[in-house]
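Asks: Below is the structure I would like to discuss, written out as structure tokens.
The values are calculated or read from the model by the stated rules, or taken from the named source; none is laboratory data. Everything quoted here is computed from the prediction, not taken from an experiment. Here the Cβ positions follow ideal geometry from the backbone for every residue, glycine too, while neighbour counts run over all protein chains shown. The accessibility values were calculated without ligands, DNA or RNA, using every heavy atom of the protein model including side chains. Shrake-Rupley method; radii C 1.70, N 1.55, O 1.52, S 1.80 Å.
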Amino acid sequence: MYLNNSLKEGSRKIGESMSANLHNSMKVGIVHFMAYPETMGGDGPAVETIKKIVQDDFFSGIEITSINNPEERKEAAQILQSGGMNVGFGAQPILLRNKGNLNSFDEAERRRAIDLVKGGIDQAYEVNAAKLGFLSGAKPDTQQDVALQLLTNSIKELCDYAKSKGDLVLSLETFDDETDKKCLIGSNKLAVEVAKEVRKVDPTFGLMLDLSHLPMQRETSHDALTVARDYINHAHIGNCYIKDTSDPAYGDQHPRFGYPGSEVDVPELAEYLRSLLEIGYIGEGIKNIVAFEVKPVGTESSDIVIAQSKRTLVDAWSLLHSKKGRLVS
């Protein structure tokens, strides 16, 4: 199928701004705790699996989450520094695991969520992370405008806290608002409204957009990335399955690309990359992070899913490069 007409306009510029080698136009990262979900709670073989990624020169970036053992955390930080990795820290699992809600109407609950993210900020500095990602709380049935203000207040406080300790950049990831996570910030347009306010106190604050969430957000790559173009500071690539609630991959489970009946494979990834090129997030000489967020389903092997993801990205980039943005399948 052809891309939307609105996407065709920038074809010539895209052809000029991309190299056959995708690594010349982006830094490829991976969400470690999703690829190895046994580490998501802060335990498990974090150090061992971080080593695997650091030794793979396909990757320049990695996103980790909390590591409960202080000695293991210190070892991980040393490995990441030795490997020259661009490090991000994911506070999303901390909030989700503890049901933290940064826009809760209950002030005690909102304070608890803020403290959870502050703990993540502390660990992010311990591992020399450059960026920290988090998500909004649940979408309330009523008074969404009040919830938005509460979320904005929480983020401003978190930005102040992060900047009091160094130069960590915060990034709000947008999620679905009715399928699985049911977050307040599902719409990317709504996310931009929050980002505008937060940037009044922290100009480095930005948004994280994830390809795997877009089908659940009912947004195309072009529309979402165009709306967020001035605020995006991080990008994830992944897949979702939303056809059958009984499937183990249903919802926000990040199955491998091309999972049977799923939403994202080579053509959709190529379209997302094309839109990233159009807004200038990636391109020749630009080294922003584009990170896989993929997770094994059932008995699938993490290492095999990672390898399949790399091949899919290479194929999508090759498709985009060979067609100079005119055709995605």
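Asks: Explain nothing, just the number: relative contact order of the chain, from Cα pairs under 8 Å at least 6 residues apart, as a whole percent. Can you show the working numbers first?
Replies: Working: 643 pairs, mean separation 69.0, N = 329.
Once normalised by length, the contact order is 21 percent.
Asks: Also: Between rounded, prolate and oblate, where does region 18-85 land on the alpha carbon gyration tensor, with a ≥ b ≥ c its root eigenvalues, rounded for a/c under 1.5, else prolate if a/b exceeds b/c?
Replies: Working: a/c = 2.97, a/b = 1.96, b/c = 1.52.
Prolate, since a/c reaches 1.5 and a/b exceeds b/c.
Asks: So what's Rg/Rh here for region 93-179, counting alpha carbon atoms and using the Kirkwood radius for Rh?
Replies: Values: Rg = 12.8 Å, Rh = 13.2 Å.
Over the Cα atoms of region 93-179, Rg/Rh equals 0.97.
Asks: On to the next question. Ignoring ligands, DNA and RNA, please state the percent of accessible area on the chain from carbon and sulfur, probe 1.4 Å. Before the final figure, lay out each step's value.
Replies: Details: 6370 of 13450 Å².
Here carbon and sulfur together make up 47 percent of the probe-accessible area.
Asks: Let me ask something else about it. For region 150-249, what is the convex hull volume of the alpha-carbon atoms per residue, in Å³? Present the calculation step by step, with values, prior to reporting the outcome.
Replies: Values: hull volume 10.4 nm³, N = 100.
It is 104 Å³ per residue.
Asks: While we're here: Lysines within cross-link reach of Lys165: Cα-Cα under 16 Å, excluding same-chain residues under 8 positions apart?
Replies: Excluding near neighbours in sequence, the set is Lys118, Lys131, Lys156.
Asks: Here is a further query. So what's the Cα pair-distance distribution over region 210-329, bin width 10 Å, in %?
Replies: P(r) over region 210-329, rounded to whole percents: 14, 46, 33, 8, 0.
Asks: Which of Ala191, Ala108, Ala224 moves most in a GNM of the chain, Cα contacts under 10 Å?
Replies: Looking only at Ala191, Ala108, Ala224, the largest GNM fluctuation is found for Ala108.
Asks: Would you calculate a helix-derived [θ] at 222 nm for the chain, using -39,500 (n - 2.57) for each DSSP H run of n ≥ 4 and dividing by the full residue count, to the nearest 500?
Replies: Working: 13 runs with 144 residues, N = 329.
Counting only the DSSP helices, I get -13500 deg cm²/dmol.
Asks: May I pose another question? Determine which residues of region 32-75 fall in the zone a paramagnetic label at Val314 would reach in this model, i.e. backbone nitrogen under 14 Å from the point 7 Å along Cα→Cβ.
Replies: Hits in region 32-75 for Val314 at 14 Å: 57-59.
Asks: What does the charge dipole of the chain about its Cα centre add up to, to the nearest 20 debye, if the Cβ of each Lys and Arg holds +1 and the Cβ of each Asp and Glu holds -1? Intermediate values should be presented prior to the final figure.
Replies: Values: 37 positive and 47 negative charges, 169 e Å.
Magnitude of the dipole: close to 820 debye.
Asks: Could you work out how far apart the two model spin labels at Lys156 and Glu178 are, taking each label as a point 7 Å from the Cα in the direction of the beta carbon, and quote it in nm?
Replies: 3.1 nm
Asks: Also, quick follow-up: Whole number in Å², please: accessible area per residue of region 224-286, 1.4 Å probe, ligands, DNA and RNA not counted.
Replies: On the way: 2090 Å² over 63 residues.
With all protein chains present, region 224-286 gives 33 Å² per residue.
Asks: For the chain, what percent of Cα pairs sit more than 27 Å apart?
Replies: Numbers: 21988 of 53956 pairs.
Counting every Cα pair in the chain, those more than 27 Å apart make up 41 percent.
Asks: Provide the gained length on full extension for the span Asn128 to Ala307, in nm with one decimal, where the gain is 0.36 nm per separating residue minus the Cα-Cα distance.
Replies: Working: separation 179, 0.36 × 179 = 64.44 nm, distance 2.68 nm.
Residue separation times 0.36 nm, minus the Cα-Cα distance, leaves 61.8 nm.
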